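The values are calculated or read from the model by the stated rules, or taken from the named source; none is laboratory data. Fair warning: this is a prediction, and the values are worked out from it, not measured in the lab. Cβ: placed from backbone, ideal geometry, glycine included. Neighbour counts: every protein chain shown.
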Amino acid sequence: MESEIIAKILAGQLVIMPTDTTYGIICDATNDAAVKKVYEVKRREYTKPLIILVSDEVMLNQYVKKISPLTQKIMQKYWPGPLSILFLKNEHLSKFVSANEYVAVRIPKDETLRKLIAHLNRPIVATSANISGDEVITTVNEVSEELKKAIPTIVDGGILTSVPSTLIKVEKEEITILRAELLAENIKHDFQDYIKTK
């Protein structure tokens, strides 16, 4: 099954499968047509950026610009896991993953998913498998008929516990928490001297 999934993603197709946070729509993050299709099937505005998953730091370095020492410390502490970090993207990612110069990236906790990305040898887009604005789904039975028609390849991973990733931005030795989820309090505690307060 994994080789079939890899072949479909490399061919520019979309796949619905479990991630370490929820069921996601997956595609090749370097393929413009595939990334555009994600926005189309989700009815998502292009101004809403997508999250990118990489297998390891080696892959990360191929697709983003400078990584600060503080960011490195945060990565070492919380990756792999449900923490997405904003980086300046480079030209190797699809220009459609975000409408500005930044891209949100994480290394997923799920080892099977990391291996899949490593075999693809490129990052993937991973966005919740729902129409934009709808509830996040935790079983394949909840995938809408509209999405099933648009994305026939669906991998059933059973019932998932939805854990959205925390999103942060690190700039000028300051950490801004943009979406406070599971790890937010840990980050505030472990890096309290660097948290940007409003």
Residue in region 8-17 that is of a type in the set (Gly, Ala, Ser), within 25 Å of Asn130 (Cα to Cα) and in a loop (DSSP other than H, G, I, E, B) present: yes
Residue match in region 108-117 (condition: out of contact with any strand residue (DSSP E or B) (no Cβ under 6 Å at 6 or more places or on another chain) and farther than 23 Å from Ser55 by Cα): no
Residues of region 181-197 that turn out to be loosely packed, with under 14 Cβ neighbours inside 10 Å and outside any helix (DSSP H, G or I), as a count: 1
Any hit, region 46-58, residues being at pLDDT 95 or above and assigned to a helix (DSSP H, G or I): yes
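Condition (residue is among the β-branched types (Val, Ile, Thr), touching a residue at least 12 places away in the same chain (Cβ under 8 Å) and closer than 17 Å to Asp110 by Cβ) applied to region 181-194: is it met by at least one residue?
Within region 181-194, none of the residues are among the β-branched types (Val, Ile, Thr), touching a residue at least 12 places away in the same chain (Cβ under 8 Å) and closer than 17 Å to Asp110 by Cβ.
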Qualifying residue in region 79-87 (condition: in contact with a Leu (Cβ under 8 Å, 6 or more places away or on another chain), modelled with pLDDT of 95 or more and assigned to a helix (DSSP H, G or I)): no
Gly157, sole failed condition from (1) in a helix (DSSP H, G or I); (2) in contact (Cβ under 8 Å) with a residue 24 or more places away in the chain; (3) not hydrophobic (A, V, I, L, M, F, W, C): (1)
Search result, residues across region 58-77 that are surrounded by fewer than 21 Cβ atoms within 10 Å (Cβ to Cβ) and hydroxyl-bearing (Ser, Thr, Tyr): Ser68, Thr71
Leu93 being surrounded by 12 or more Cβ atoms within 10 Å (Cβ to Cβ), part of a loop (DSSP other than H, G, I, E, B) and at pLDDT 95 or above: yes
Residue check, Thr22 at pLDDT below 95, among the β-branched types (Val, Ile, Thr), within 30 Å of Phe191 (Cα to Cα) and surrounded by fewer than 22 Cβ atoms within 10 Å (Cβ to Cβ): yes
